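Working notes, beginning with the structure itself.
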Amino acid sequence: MKPFFQIQLALLLFIVLPYGANAQFKWPNGAKAAICMTYDDALDGQLNYAIPQLDSAGFKGTFFCTGSSPSLYRRLDEWRKAAANGHELGNHTLFHPCLRVKPNGTHSDWVKPEYDLQTYTFPQLLNELKTANTLLKAIDGKEARTYGYTCSDCTLGGGVSFTDSIKKLFTAARSDGQVPETMKGYDIYKTPSWGVNSNSAEEMIAYINKARDKGTIAVFMFHSVGGGYLNTTAEEHRKLVEYISKNRKDFYVATFQEVMNYIRDHSK
């Protein structure tokens, strides 16, 4: 190969490779990673602590609401106000059905027999999801919706996955799993997230820094904030939000729907 063509090839590789298979995903505004703050079950502590803390830093979260949530019923105006202020209300079914017995044999005895996904048919689940979408539309007026798998279960009885079947209902769906090593092949309908439970701010900060180091994404799955089951204390949650705020140039922080839409549109 002649030297002139060798130089041309080297220049071409220099230009192309940063956008190739080994490159980090290109997040908005030069951010090194994305963060999604998501919260399940529509609980009082989310209104009392999580939303005010997010708002104080200018961040917006995603709240996967269970239609039968007592907080959603009692404090509907506050949930409507949160949605109007930019927070996302996601679908988390009406009755929070889960598998009483996981594929690995783990038992969840708190799941009522009538809400055992093992006994659900797909038409039954589909009707529940559609009805939950109608309820949420009545609160925030929106039609585009994301889904949070209850208990991260994405199968019905017999281990039959319903992920592909719900793609017409939702723009993306959240499951559980580790920080991804790469954004290549990232599935926005089975996105990994960390189910936080009594963890310290230091542990949660290490989680987002791991995503920053890899150039990928950190999705939190919170439940109670400030007291309750699967709890994160209000103080530890505040410390996490403050850390993200102080390092906001490194992180693209947005609702789950916004981030998933961005990934979908920039993954080609």
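Bear in mind these aren't lab numbers, they're just calculated from the coordinates by the rules spelled out. Everything numeric here is computed off the predicted structure, so don't read it as measured data. Note that we place each Cβ from the backbone using ideal geometry, even for glycine, and neighbour counts take in every protein chain shown.
Any lysines with Cα under 22 Å of the Lys268 Cα? List them, leaving off those in the same chain fewer than 8 positions away.
Lys26, Lys32, Lys167, Lys168, Lys184, Lys190, Lys214
Step by step: find N for the chain, compute 2.2 N^0.38 Å, then divide the Cα radius of gyration by it. What's the final number?
Against the compact-globule rule of thumb, the ratio is 1.10.
Relative to the longest principal axis of the C-alpha atoms of the chain, give the angle of the C-alpha long axis of helix 201-214, reported between 0 and 90° and rounded to the nearest 10°.
40
So how do Ser152, Ser193 line up by other beta-carbon neighbours within 10 Å, fewest first?
Values: Ser152 18, Ser193 24.
Arranged by neighbour count, lowest to highest, Ser152, Ser193 become Ser152, Ser193.
Sorting His92, His266, His223 on the 10 Å Cβ count, fewest up front, what's the list?
Final ranking by Cβ density, sparse to dense: His266, His223, His92.
With unit charges on the beta carbon (Lys/Arg positive, Asp/Glu negative), name the residue among Thr216, Leu230, Tyr149 whose Cα is farthest towards the positive pole of the charge dipole of the stretch 125-268.
Result: Thr216, furthest along the dipole toward the positive end.
Sequence-distant or interchain residues sharing an amide H contact under 5 Å with Leu89, placed H: which?
Those qualifying (amide H under 5 Å, at least 5 residues apart or on another chain) are Phe63.
Can you list the residues, at least 5 places off or on another chain, whose amide H is less than 5 Å from the amide H of Val253, using H built in the peptide plane?
Ile35
Top mean-square fluctuation among Thr150, Thr121, Thr131, Gaussian network model of the chain, C-alpha springs under 10 Å?
Thr121
Quick check: net charge around Asn85, other residues with Cβ under 12 Å of its Cβ, Lys/Arg +1 and Asp/Glu -1?
-1
Between Glu181 and Phe122, 0.36 nm times their residue separation minus their Cα-Cα distance comes to what?
17.9 nm
I'd like to know which of Ala34, Val196, Gly45 lies farthest towards the positive end of the charge dipole of the chain, counting +1 on Cβ of Lys and Arg and -1 on Cβ of Asp and Glu.
Toward the positive end, the furthest listed residue is Ala34.
Could you tell me the calculated FRET efficiency between Ala57 and His107, based on Cβ-Cβ distance and R0 = 51 angstrom, to the nearest 0.05?
According to the calculation, E is roughly 0.80.
Compute the orientation-averaged projected area for the stretch 57-145 from the convex hull of its Cα atoms and round it to one decimal in nm². Present the calculation step by step, with values, prior to reporting the outcome.
Working: hull surface 29.2 nm².
For the stretch 57-145, averaging the hull's shadow over all directions gives 7.3 nm².
Quick check for you: which residues of the stretch 61-86 have the amide N under 18 Å from the point 7 Å beyond the Cα of Lys130 toward its beta carbon?
From the stretch 61-86, the list is 67.
For the stretch 208-245, which chymotrypsin sites (Phe, Trp or Tyr not before Pro) are in a loop by DSSP, counting at most 12 other Cβ atoms within 10 Å?
Tyr229
Using a Gaussian network for the chain with springs between C-alpha atoms less than 10 Å apart, which of these wobbles most: Ser108, Ser200, Ser71?
The residue that fluctuates most here is Ser108.
Under a point-charge model restricted to the Cβ atoms of Lys and Arg (+1) and Asp and Glu (-1), what is the dipole moment magnitude of the chain relative to its Cα centre, in debye to the nearest 20?
920
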